[in-house]
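Heads up, the thing below is written out as structure tokens.
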Amino acid sequence: MNFLDYREEQKQYILLLPDLLKKVYGRTPKACIFTYGCQQNVSDSERIKGMLTQVGYELTDEAEGADFVLFNTCAVRGHAEDRVYGNIGAMKHYKKRHNGMIIALCGCMAQQEIVIDRMKKSYPYVDIVFGTHVQYRLPEFLYKRLSGSSRIFEIGESEKIVEEIPVKRDGQFKGWLPIMYGCNNFCSYCIVPYVRGRERSRHPDDIIKEAKELIANGCKDITLLGQNVNSYGTGCDFNLNFAGLLKKINDLEGDFRIRFMTSHPKDCTEELLDTMSRCEKVARHLHLPFQSGSDRILNLMNRRYTREKYLSLIKMAKEKMPDISLTSDIIVGFPGETYEDFCETLSLVKEVRFSSLFTFIFSPRNGTPAEKLPDPISREEKGKWFDELLKTQEVIGKELSLDTVGKTYRVLCDDFGRVEGKMAGHTNGTAVIEFDGNEEDIGKFINVKVNAVSNILEGERIGE
Ligand code: SAH
Ligand code: SF4
Ligand code: F3S
């Protein structure tokens, strides 16, 4: 595995860009980043913000008047892409009013040739388009474009791991910690392996170093990120799998929680569930996407597990951790799915009783095998199935909420509540409880007893 050091790779641009920015703008330039998609992208944007502040940009949420506007995009469904095209369109007018404005597109959309062609032809005011493999070269791209280079289109070929990129985190108490990049699974509907490249794991020393920094800076809730964290370490010369990594992070000193996503059922092992149950800092939450309850559809999706195998994993998880919260992803209307197949998804949802679900209607993705499959069911019909699934889950979610009444939970207060005088905290699972409190509670663990359920869980504090 090849590792690159950002400080070395971008050395000259990190040195030269601050002066160039002063020359071009004559004041502190402002950068506005829009992030779409999954936590991996949120985490990437934190590194992009780190690079930008390092060279002298000030961050803003306002695109109008900003000197640099960057769209960090997602390609997982058509809808995600359409939103980006619409929002970039709106930038044209801002740029007319502000000559020195630089507009850029990066992330998963920008890794696709078809998107690059569209940018070249129809979006002449977009200055820089760069893919996920070359994100660390942002200072270079900005330097070149601001020095008068023509529009930049770069997707890169290398799939190296780049370390030492500065990070500007969005929050102090919750932290994203990528442990691996890419995906080798090629589920037949999914674009991610094409836009994120082959699976590669960060070295444990780099992960532990970042975890320690997070903890030292007050982080109380660390989420380990990867498209399939269960295959962490595969093919690497260090001898550590995901369960081993979890244990190492659990052993770090401090009062914090560890979460992780995503686990693929085909690689989820008894060893991992055992490790979870033994590590007191690992949250009692397992996000285990099953996508479909029908073996026939799972096979067409190239998921490489069966309904039976999935249910046996859930049974094992519940036996080892009776208080575990389970969540999942589901695709409705995969090509060739019948109502009978869909009913198997519904029955699985009823059997497992997830605390929440992320549900999607199938969206054909350019270049994936599923794009070419016959898809006779209308969008309208799929919409009806989708609503049926949502209704089923709503009932289960409410029942699970009612089960919490009278119980006490240790929550991490991380936000204001919906009404004045209330604060909100996350349990060790997935629930959010509101209670009387104030700003000073943010970032603290507080014991809260649930008294009632309305739209939210209402609780009272019973000490810290
Ligand atoms: N690596 C993760 C998921 C990444 S994408 C995993 O394997 O679970 C997040 C979710 O988006 C997927 O779990 C799937 O439910 C959904 N998804 C991916 N491609 C999709 C498509 N073409 N249409 C609809 N939903 C899709
Ligand atoms: Fe996509 Fe499957 Fe990889 Fe998840 S495991 S990112 S769904 S190909
Ligand atoms: Fe989207 Fe890329 Fe994540 S396609 S879901 S942002 S890995």
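Which translational diffusion coefficient, to the nearest whole µm²/s, is obtained for region 317-455 from the Stokes-Einstein equation, given a Kirkwood hydrodynamic radius over C-alpha pairs, 4 °C and 1.567 mPa s? Each step should come with its number before you reach the end.
Working: Rh = 17.6 Å.
Estimated via Stokes-Einstein, D reaches 74 µm²/s.
Please get the size of the charge dipole for region 345-464, origin at its Cα centre, with Cβ charges of +1 on Lys and Arg and -1 on Asp and Glu, quoted in debye to the nearest 20. Could the numbers behind the result be given before it?
Values: 16 positive and 21 negative charges, 97 e Å.
With only Lys, Arg, Asp and Glu charged at Cβ, the dipole is about 460 debye.
Using only Cα atoms, tell me the angle between helix 39-55 and the longest principal axis of the chain; keep it within 0 to 90° and round to the nearest 10.
30 degrees
Classify region 95-223 from the C-alpha gyration tensor, please: rounded if a/c falls under 1.5, else prolate or oblate depending on whether a/b exceeds b/c. Present the calculation step by step, with values, prior to reporting the outcome.
Numbers: a/c = 2.27, a/b = 1.44, b/c = 1.58.
It comes out oblate by the Cα gyration axes.
If I fit a long axis through the Cα atoms of helix 78-97 and take the longest principal axis of the Cα atoms of the chain, what angle between them do I get, 0 to 90°, rounded to 10?
Taking the Cα atoms of the chain, the angle to 78-97 is about 30 degrees.
Normalised by the empirical 2.2 N^0.38 Å for globular proteins, what value does the Cα Rg of region 264-393 take? Walk me through the numbers on the way to the answer.
Details: Rg = 15.5 Å, N = 130, 2.2 N^0.38 = 14.0 Å.
Taking the Cα Rg and dividing by 2.2 N^0.38 Å, one obtains 1.11.
Please provide three numbers in whole Å: the alpha-carbon extents of region 1-89 along the principal axes, with the largest listed first.
Taking max minus min along each principal axis of the Cα atoms, region 1-89 gives 42, 40, 16 Å.
Would you mind ranking T132, T53 by Cβ crowding within 10 Å, fewest neighbours first?
Values: T132 24, T53 14.
Sorted ascending by nearby Cβ count, the order is T53, T132.
As a test of the definition: which semi-axes, in Å, follow for the chain when you take the square root of five times each eigenvalue of its alpha carbon gyration tensor? Largest first, please. Please report the intermediate quantities before stating the final value.
Working: eigenvalues 268, 160, 106 Å².
For the chain, the semi-axes come out at 37, 28, 23 Å.
Nearest-5 percent of antiparallel DSSP beta bridges in the chain? Kindly include the intermediate steps, with their values, before the conclusion.
Values: 21 of 66 bridges.
If we restrict to bridges inside the chain, about 30 percent are antiparallel.
Mind checking which of M91, N41, L59 is farthest towards the positive end of region 1-120's charge dipole, using Cβ charges of +1 (Lys, Arg) and -1 (Asp, Glu) about the Cα centre?
After comparing all options, I get M91.
Less than 21 Å apart at the alpha-carbon level, and either on another chain or at least 8 residues along: which lysines does that give for K384?
K350
Could you let me know the centre-to-centre spacing of region 45-86 and region 144-179, using Cα atoms, in angstrom?
Going from one Cα centre to the other spans 11 Å.
What angle, in degrees between 0 and 90 and rounded to the nearest 10, separates the Cα long axis of helix 339-352 from the longest principal axis of the Cα atoms of the chain?
In the chain, helix 339-352 runs at an angle near 70 degrees to the longest axis.
For L59, enumerate residues with amide H under 5 Å from its amide H, sequence gap 5+ or separate chain, H modeled in the peptide plane.
Excluding prolines and chain starts, which carry no amide H, the hits are A31.
With only alpha-carbon atoms counted, please give the Rg and Dmax of region 220-340, in Å.
Rg, Dmax (Cα atoms, Å): 15.5, 51.
Of the listed pairs K120/K160; K96/K144; K23/K95; K30/K212; K11/K248; K422/K449, which have alpha-carbon separations greater than 25 Å here? Can you show the working numbers first?
Details: K120/K160 27 Å; K96/K144 21 Å; K23/K95 19 Å; K30/K212 31 Å; K11/K248 33 Å; K422/K449 14 Å.
Violating the 25 Å Cα-Cα cut-off are K120/K160; K30/K212; K11/K248.
Values quoted throughout were computed directly from the atomic coordinates according to the rules given, and no laboratory measurement underlies them. Keep in mind it's a predicted model, so treat the numbers as computed, not measured. Backbone-built Cβ (ideal geometry, glycine too); neighbour counts: all protein chains shown.
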